[in-house]
Amino acid sequence: MVDLSDLVRAERYASRGYPHEAWTQLRRESPVRWFEIDGYDPFWAVTRYDDIARVSRQPRMFLNAPRLAFSSQRFPVRAPEDFARSLLNMDPPEHGKYRGLVNRRFTPHALSFLSAHVERLSAAIVDGVARRLVAEVAEAAECDFVADVAARLPLAVILELLGVPRDDWKAVFDWTNQAIAPGEPEYRQGKTVAETAEHARSSLFDYFGRYVAERRREPGEDLVSVLVQSRIEGEPVSDFEILSYCFLLAVAGNETTRNATSGGLLALIEHPGELERLRQDPSLLPSAVEEVLRWTSPVIHFCRTAAADTEVGGQRIAKGQLLILFYPSANRDEEVFADPFRFDVGREPNEHIAFGIGEHFCLGANLARLELNAILGEVLRRLEAFELAGPVERARTIIVGGIKRMPLRFHLRG
């Protein structure tokens, strides 16, 4: 029997990963399904690709505000100014104005100048792991792939873009972990979930607040400088909104790509035939990256709130009702993807929505693709063989499908 309440239980995601059995059943039997579960706000679960795409392409009908993500407890609606005002919880026309502040920094052309630097960073990260093996004069060595490899590249890139000194990266990394998975006991340190989330937000706001003040006095070339010099309808952007922007970029620019990298390598380990196929034909790397994104779907869900009475998937949705869009379910939709539960590094076409779709398509999608191609390519070039050296530990969250630890045993090529 499939327990459909698995959809919103963070413990289930931590212990067994994504509840694909539940999503598959819902796509087949009730793709837009109303849920009332004790201790949770009622919601519509939207699990089919076409329905999620339709909702996402109507940002004025299905609002991001006031509720972006689903909580594991009844959620007191808070005004945006009480927490943060990021792109993710803005609706049109405001969303487009704020997205435009830094949009040009994330275009393929702008990022092409970063390509060589990202490749150098990837090589240095794998070199650091390789030196451990050489120092031990051993045939094989072990590492935590998440901490030693996957987490380091996206963190380095986004914090360099923001202008954060290297000495502060560890602190920012810890705060982003607390922000995305405040239910994790090791991140809470005796605090409640709400207190942990607020501590992460306030710590990041306090930290970036110093940089905002500095850049207002003396702008540089980083993203914080771009934001402090920007105007919305002729008015400067407020400190709070700049800090919210920094909060979003630090968290989203780190967490999702890290988890796609870890999940991608795990998929290659679990599908040795596809790993060998990729080794034999490195030109498949770009399509392999797209398959990694489809397969891992790092963002589990976002919420939308109906602005008026409407209909989705044959169901009547009342004004004010909450919808949860389950992206990993859409990316295994049998009506869209041939043999969706097969990991295929050469899959074509592959119109996944791991980055969302419509108005809120991920701002950092091009950067994430650049980083994934660089780090996975470097791992495949430098490591002759690799295997799990222990159990994979997953994060206790229903927002981002995070792998906390992935012990890896590896051999260097040559």
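The values are calculated or read from the model by the stated rules, or taken from the named source; none is laboratory data. Everything quoted here is computed from the prediction, not taken from an experiment. Heads up, the Cβs are rebuilt from the backbone with ideal geometry, glycines too, and the neighbour counts pull from every protein chain shown. Surface areas here come from the heavy atoms of the whole protein model, side chains and all, with no ligands, DNA or RNA. Shrake-Rupley method; radii C 1.70, N 1.55, O 1.52, S 1.80 Å.
Using Cα-Cα distances under 8 Å and only pairs 6 or more residues apart, what relative contact order does region 299-412 have, in percent?
Values: 126 pairs, mean separation 24.7, N = 114.
Relative contact order comes out at 22 percent.
Quick one: with all protein chains in place, what share of the accessible area of the chain is carbon or sulfur, to the nearest percent (1.4 Å probe)?
On the way: 9150 of 17860 Å².
With neighbouring chains kept in place, the figure for the chain is 51 percent.
Can you give the local net charge around residue 125? Use residues other than it whose beta-carbon is closer than 14 angstrom to its beta-carbon, Lys and Arg +1, Asp and Glu -1.
Numbers: positive: 120, 131, 132, 152, 166, 258, 381, 382; negative: 119, 127, 144, 148, 160, 371, 378.
Net charge in that neighbourhood comes out at +1.
Please check the chain for the longest run free of trypsin sites (Lys or Arg not before Pro) that are loop-located per DSSP (anything but H, G, I, E, B) and have at most 15 other Cβ atoms within 10 Å. Can you show the working numbers first?
Working: sites that count: 57, 60, 74, 78, 191, 319, 342, 413.
Longest site-free region, per DSSP loop and neighbour criteria: 192-318.
Given N residues in the chain, what is Rg(Cα) / (2.2 N^0.38 Å)?
On the way: Rg = 21.1 Å, N = 414, 2.2 N^0.38 = 21.7 Å.
The reported ratio for this selection is 0.97.
Please report Rg (one decimal) and Dmax (integer) in Å for the Cα set of region 122-243.
Rg, Dmax (Cα atoms, Å): 18.3, 62.
For the chain, what is the charge dipole size about the Cα centre, in debye to the nearest 20, if Lys and Arg each add +1 at the Cβ and Asp and Glu each add -1 at the Cβ? Please report the intermediate quantities before stating the final value.
Values: 51 positive and 60 negative charges, 87 e Å.
About 420 debye.
Taking only protein heavy atoms and a 1.4 Å probe, what accessible area per residue, in Å², does the chain have with all protein chains in place?
Computed with neighbouring chains in place, this is 43 Å² per residue.
Give me the log10 of I(q) over I(0) for region 209-272 at q = 0.13, 0.27 Å⁻¹, as the Debye formula computes it from C-alpha points; what are the numbers?
-0.49, -1.10
So what's the net charge close to residue 35: Lys and Arg +1, Asp and Glu -1, counting the other residues with Cβ under 13 Å from its Cβ?
Working: positive: 9, 33; negative: 3, 6, 36, 38, 41.
That works out to -3.
Return the loop-located chymotrypsin sites (Phe, Trp or Tyr not before Pro) in region 281-369 (DSSP other than H, G, I, E, B) with at most 14 other Cβ atoms within 10 Å of their own Cβ; answer none if there are none.
Details: sites: 295, 302, 326, 337, 341, 343, 355, 361; in loops: 337, 341, 343, 355, 361.
When the chymotrypsin sites (Phe, Trp or Tyr not before Pro) of region 281-369 are filtered for loop state and at most 14 Cβ neighbours within 10 Å, 341, 361 remain.
Which residue, 176, 24, 257, tops the fluctuation ranking in a GNM of the chain built on C-alpha contacts under 10 Å?
Highest fluctuation of the listed residues: 24.
Setting aside same-chain residues fewer than 8 positions from residue 170, which lysines have a Cα under 20 Å from its Cα?
Straight-distance partners of residue 170: 404.
Which GluC sites (Glu not before Pro) from region 202-311 combine a DSSP loop assignment with at most 10 other Cβ atoms within 10 Å? Please list the in-between numbers first.
Working: sites: 214, 221, 233, 241, 255, 270, 274, 276, 290, 291, 311; in loops: 221, 233.
Loop-located and lightly packed - 221, 233.
Grab the Cα-Cα distance for residue 214 and residue 381, subtract it from 0.36 nm times how many residues apart they are, and report the gain in nm with one decimal.
Values: separation 167, 0.36 × 167 = 60.12 nm, distance 4.17 nm.
Gain in length upon complete extension: 56.0 nm.
Using all alpha carbons of region 248-315, what is the percent of pairwise distances in each 5 Å bin, ordered from the shortest bin to the longest?
Spelled out per bin, shortest first, that is 3, 14, 18, 17, 11, 10, 11, 8, 5, 3, 0.
Quick one: net charge around residue 174, please, counting Lys, Arg +1 and Asp, Glu -1 for every other residue with C-beta under 12 Å from its C-beta.
Residues close to residue 174 contribute a combined charge of -2.
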